[in-house]
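Novice: Here's a structure for you.
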2 protein chains.
Amino acid sequence: MKFEKYFTMEEADAIEYAKERLDFFEADEELTCKEIGDGNLNYIFKVDSVNREKSVIIKQSGPVARISDEFKLSPDRNRIEYEILKFQRELAAELVPKVYNYDPIMNCTAMEDLSDHVIMRTEMINHKKFKKFADDITTFMVNTLLLTSDVCMEHKEKKGFVKNFINPELCEISEDLVYTEPFSDVNNRNDVFRPNASWVKENIYLDEALKLETAKLKFEFMNNAQSLIHGDLHTGSIFIKEDSTKVIDPEFAFYGPMGYDIGNVIANLIFAWVNADAFGKDEQKNWLEETIAKVIDLFKEKFLKLWDKRATEYTAKYKGFKEYYLNTVLRDTAGVTGLEGIRRIVGIAHVKDITIIEDEERRMRAERLCMTLSKKFIMRRNELKTGRDFINIIKETEKNL
Amino acid sequence: MKFEKYFTMEEADAIEYAKERLDFFEADEELTCKEIGDGNLNYIFKVDSVNREKSVIIKQSGPVARISDEFKLSPDRNRIEYEILKFQRELAAELVPKVYNYDPIMNCTAMEDLSDHVIMRTEMINHKKFKKFADDITTFMVNTLLLTSDVCMEHKEKKGFVKNFINPELCEISEDLVYTEPFSDVNNRNDVFRPNASWVKENIYLDEALKLETAKLKFEFMNNAQSLIHGDLHTGSIFIKEDSTKVIDPEFAFYGPMGYDIGNVIANLIFAWVNADAFGKDEQKNWLEETIAKVIDLFKEKFLKLWDKRATEYTAKYKGFKEYYLNTVLRDTAGVTGLEGIRRIVGIAHVKDITIIEDEERRMRAERLCMTLSKKFIMRRNELKTGRDFINIIKETEKNL
């Protein structure tokens, strides 16, 4: 009877749950459990067999999001996450963890244990390089984004997906924390590094041309039901090791602009680059520049190839249309790169790549570098069409700061 | 027990239904009924009291749309229509008929009888003028479109509306018949007036630049969840008399681009203008030109005023944003004006304004005039910002044809 009414589990409960509810371990198997969550919204239980190499992750949504008591989130996000993981695994295979079970009463999902992987942000801070990353993440993005769009999907079926993955509460978090508060000096929960306070005021809060562009991008985010996007594709949502990349945590998923995912990846590589810059890691910077350019260029290449192979929409085959469409995706990508690049410095949710820089001068410079190039990504988003164009914004800003 | 299982009603059934199911007539009142539908998707029963001025309309969805056996439509469109009419009446009051009852089993809606009004398309063909029309229709559009957008509506609530009014089957009809088939000489159900067959081939089917723009507009229609649009706002969906305008038939409603509604109104005024041109009715042409310009200019004026009064979105107040937003609406309006202007001539669903022109030469000219100006609306949609700009396209085409 224990798991027939929702409660927030402790480690011992998770062991019991694994034994009773999952067809995964032997009945008499000795198990251990550790809660390993460091995210903001969920509890993550890792349940391990004591005597053999077998483990599972049980991810439970709390009744209230951890990020702050202000964000009250319905547990429907857990259903969304489960369905999305299953679907993305069909689309992108090995780049997404296996999911075993979803329990709508306990609001938890059982999935593959990825403990042999490390969160990518951690590895970036350790200045590690991953040769396969650009190739893996572009395959993930092209497959999950293009194949769920009206280009490739029967339109009535796609509308059913739009309906099923309407995600009001999680979208609200992004609308507020990515698109609104970082650009406003009133009614915000911003957390500005004090030495940059007046810089932020002058260069962000008072820049009306910038704010106008952020409003356009916000409405694009709210209204453009283009693809089933991941919705939170930063380096903290990616598990990585030498020969494997896994994208996790799609609870923010909904039908939105493709560029939101791609821009998040680029911006978070830029945070890693800014970190490498602050610590004088030139080799890491070079690798990151190459990787950023490759993510853009490989995305384009694979996108066009998959379009030719899988487009079913009649008008998608008109001369010039796929190039036009791809350009709008790149424009949105650049815009979101800039938004994420600013909101993770000005807004409530900072990234460790930057907060780990202890030297005040260096952190000041790192933040300004990041915010200055981010503004350019937003303001010049119509011009950026290649990996080289993206890198030029970064290098040009580095040189002139 | 009679109405506890769905069947397609006859006139006698509608009388019985009115007595048993509606709290509208007296129990022993003598009633008459006539089926007056001339649309493609529904049966319209007008039930009248014999001895007093009291009547009601019962609109029933057939199990299969009448337009053709190919279009199988779920009766959910009746629920959508009922909910939309109720909601639009809150937003635009007298411009929308009263609805009394919705019956999900019999798939029918009881609503106000508007027999003292006439379908606007009929009145246009009779070359009648309506002084209040531009004012009424712009109030209807500004209220129903702006107030249901993210500019004015709480975003989580709006997403609930998006979900509730996902309308895959009716949208598919528009996607096929408005955006695709009229521009394709293969796989279509087009119905081209024979004397214009080679003109259409050369100027529509073979115009690749035009087709590219129609693909962009199609994706805008499928993806831009901007406002709760009517979705079929032609002059056959408007009941009119000297002092009153009523917008009916919102069964195509869904969250789409505002410009789709406004463009439909403009295009159908242009059909009336082309008709007046063919019959040498200069006074009617002048009134229609004034009306088209007024619809654009009054829409803009009321839109900006209502925005100032009712916008709740924080970023909507940024300097320059409302003008930017309005320009995108005008751009979409011009694009849809052109699409509708072509599809009603080339595609399966013609308008009487044009088919009523019996003289072959005159009809040929009327159609070419309409298609030529429509192409300009599509190709130059970024430049058209005022009523005068819209009229210039029409006058310039008239002069040069």
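Novice: For a bin width of 5 Å, list the pair-distance distribution of region A:275-344 built from all Cα-Cα distances, rounded to whole %.
Specialist: Percent of pairs per bin, in order: 3, 13, 16, 19, 16, 12, 9, 6, 3, 2, 0.
Novice: Related question: Roughly how large, in nm² to one decimal, is the mean projection of the convex hull of the alpha-carbon atoms in the protein assembly as shown?
Specialist: The directionally averaged projection comes out at 38.3 nm².
Novice: Calculated FRET efficiency, A:A209 and A:E360, Cβ-Cβ r, R0 45 Å, to nearest 0.05?
Specialist: Computed FRET efficiency for A:A209 and A:E360: 0.90.
Novice: Kindly tabulate the residues in region A:310-346 with an accessible-area decrease of at least 40 Å² between the chain alone and the assembly of all protein chains, using a probe of 1.4 Å.
Specialist: The answer is A:Y314, A:T315, A:Y318, A:K319, A:F321, A:Y324.
Novice: Dipole size in debye (nearest 20) for the protein assembly as shown around its Cα centre, Lys and Arg Cβ +1, Asp and Glu Cβ -1?
Specialist: With Lys and Arg at +1 and Asp and Glu at -1, about 2460 debye.
Novice: Another one. Scale the Cα Rg of region A:118-400 by the rule-of-thumb value 2.2 N^0.38 Å and send over the ratio, two decimals.
Specialist: Cα Rg divided by the expected 2.2 N^0.38 Å: 0.96.
Novice: Given springs between every Cα pair under 10 Å in a Gaussian network model of chain A, which of A:N51, A:N190, A:N382 has the largest fluctuation?
Specialist: The residue with the greatest mean-square fluctuation here is A:N51.
Novice: While we're looking at this one, here's another question. Tell me the net charge near B:N196. Cut-off is 15 Å between Cβ atoms, B:N196 excluded, with +1 for each Lys or Arg and -1 for each Asp or Glu.
Specialist: +1
Novice: Shape of region A:134-191 from its Cα gyration tensor (a ≥ b ≥ c, root eigenvalues): rounded if a/c is under 1.5, otherwise prolate when a/b > b/c, or oblate?
Specialist: Oblate shape, in that a/c is at least 1.5 and b/c is the bigger or equal ratio.
Novice: If the label for B:K201 sits 7 angstrom from Cα along the Cα-to-Cβ line, what are its distances to the same label in every other copy, in nm to one decimal, shortest first?
Specialist: Once sorted, the set of distances for B:K201 reads 7.2 nm.
Novice: Between region A:210-267 and region A:168-205, what's the alpha-carbon centroid distance in Å?
Specialist: 18
Novice: Over all directions, the average projected area of the alpha-carbon convex hull for region A:170-267 comes to how many nm²?
Specialist: 7.6
Novice: Applying the Karplus parametrisation 6.51 cos²θ - 1.76 cosθ + 1.60 with θ = phi - 60° to the phi angles of region B:146-161, what ³J(HN,Hα) value in whole Hz is obtained for each residue in order, glycine and proline being reported as x?
Specialist: Per-residue couplings from phi come out as 5, 6, 9, 8, 5, 5, 10, 9, 4, 5, 6, 5, 4, 5, x, 5 Hz.
Novice: OK, next. At 0.36 nm per residue, minus the direct Cα-Cα distance, what do B:K385 and B:E283 gain on full extension? Give it in nm, one decimal, please.
Specialist: Taking 0.36 nm per residue and subtracting the Cα distance, the gain is 34.2 nm.
Novice: Quick check for you: with a 1.4 Å probe and neighbouring chains kept, what is the accessible area per residue of region B:118-400, in Å²?
Specialist: Value for region B:118-400: 34 Å² per residue.
Novice: Continuing with the same structure: Ordered shortest first, which distances in nm separate the 7 Å Cα→C-beta label point of B:E157 from those of the other copies?
Specialist: 3.6
Novice: What translational D, rounded to a whole number of µm²/s, comes out for region B:2-111 from Stokes-Einstein when the hydrodynamic radius is the Kirkwood one over Cα pairs, at 37 °C and 0.692 mPa s?
Specialist: Roughly 226 µm²/s, to the nearest whole number.
Novice: Still on this structure, please answer the following. Expressed as a whole number of Å, what is the distance separating the alpha-carbon centroids of region A:15-59 and region A:294-324?
Specialist: After rounding, the separation between the Cα centres reads 42 Å.
Novice: In degrees from 0 to 90, rounded to the nearest 10, what is the angle of the helix A:387-400 Cα long axis to the longest principal axis of chain A?
Specialist: The helix A:387-400 is inclined about 60 degrees to chain A.
Novice: Still on this model: If each of A:E154 and B:E11 carries a label point 7 Å out from its Cα toward its Cβ, how far apart are those two points in nm?
Specialist: Simple spin-label model gives 4.1 nm for this pair.
Novice: List the accessible area buried at the contact between A and B, summed over both sides and calculated with a 1.4 Å probe, in Å² to the nearest 100.
Specialist: So the buried area, both faces added, is about 3700 Å².
Novice: Over chain B, with a Gaussian network built from C-alpha contacts below 10 Å, which listed residue (B:N224, B:N327, B:N275) shows the highest mean-square fluctuation?
Specialist: B:N224
Novice: Want the number for B:D23 to B:K98: 0.36 nm per residue separation, take away the alpha-carbon distance, what's left?
Specialist: 25.6 nm
Novice: Next question. Can you list the HN-Hα couplings for region A:121-137, worked out from phi with the Karplus curve (6.51, -1.76, 1.60; θ = phi - 60°), rounded to whole Hz and with x for Gly and Pro?
Specialist: With coefficients 6.51, -1.76 and 1.60, one gets 4, 4, 5, 5, 5, 7, 6, 8, 10, 9, 4, 8, 4, 4, 5, 5, 5 Hz.
Novice: Would you work out the relative contact order for region A:137-262, in percent, from Cα pairs under 8 angstrom that are 6 or more residues apart?
Specialist: 31
Novice: Over the Cα atoms of region A:221-290, what radius of gyration and what Dmax do you get, in Å?
Specialist: My reading of the Cα-based Rg and Dmax gives 14.2, 42 Å.
Novice: May I pose another question? Go through B:M120, B:T235, B:A293 and say which Cα lies farthest out towards the positive end of the charge dipole of chain B; charges sit on Cβ, +1 for Lys and Arg, -1 for Asp and Glu.
Specialist: Farthest towards the positive pole: B:A293.
Novice: With respect to the cross-link table entries B:K46/B:K281; A:K129/A:K302; A:K375/B:K317; A:K54/A:K128; B:K54/B:K246, which display a Cα-Cα separation exceeding 25 Å?
Specialist: From the list (B:K46/B:K281; A:K129/A:K302; A:K375/B:K317; A:K54/A:K128; B:K54/B:K246), the Cα-Cα distance tops 25 Å for B:K46/B:K281; A:K54/A:K128.
Novice: Rounded, prolate or oblate for region B:107-218? Axes are the square roots of the Cα gyration tensor eigenvalues, ordered a ≥ b ≥ c, and the cut-off for rounded is a/c under 1.5.
Specialist: oblate
Novice: Also, I was wondering about something else. Karplus couplings for region A:280-293 from phi (6.51 cos²θ - 1.76 cosθ + 1.60, θ = phi - 60°), rounded to Hz, Gly and Pro as x?
Specialist: Listing the rounded values in order: x, 9, 5, 4, 5, 4, 4, 4, 5, 4, 4, 5, 4, 4 Hz.
Novice: Then there's this: Shortest first and in nm to one decimal, what separations exist between A:N392 and its copies in the other chains, measuring from label points 7 Å along the Cα-to-beta-carbon line?
Specialist: When each copy's label point is compared with this one, the spacings are 3.4 nm.
Novice: Could you work out Rg/(2.2 N^0.38 Å) for region A:297-401, with Rg from alpha carbons only?
Specialist: 1.34
Novice: Follow-up question, since we're still on this one. Please report the carbon-and-sulfur percent of the accessible area for the protein assembly as shown; probe 1.4 Å, protein heavy atoms only, DNA, RNA and ligands left out.
Specialist: 47
Novice: If the elastic network links every pair of Cα atoms under 10 Å, which of A:P250, A:P195, A:P168 fluctuates the most in the Gaussian network model of chain A?
Specialist: In this elastic network of chain A, the residue with the biggest mean-square fluctuation among A:P250, A:P195, A:P168 is A:P195.
The values are calculated or read from the model by the stated rules, or taken from the named source; none is laboratory data. Remember, it's a predicted structure, so these values are computed and weren't measured experimentally. So basically every Cβ, Gly included, is an ideal-geometry build from the backbone, and we count neighbours across all protein chains shown. Just the protein is used for accessible areas: all its heavy atoms, side chains included, with ligands, DNA and RNA removed. Shrake-Rupley method; radii C 1.70, N 1.55, O 1.52, S 1.80 Å.
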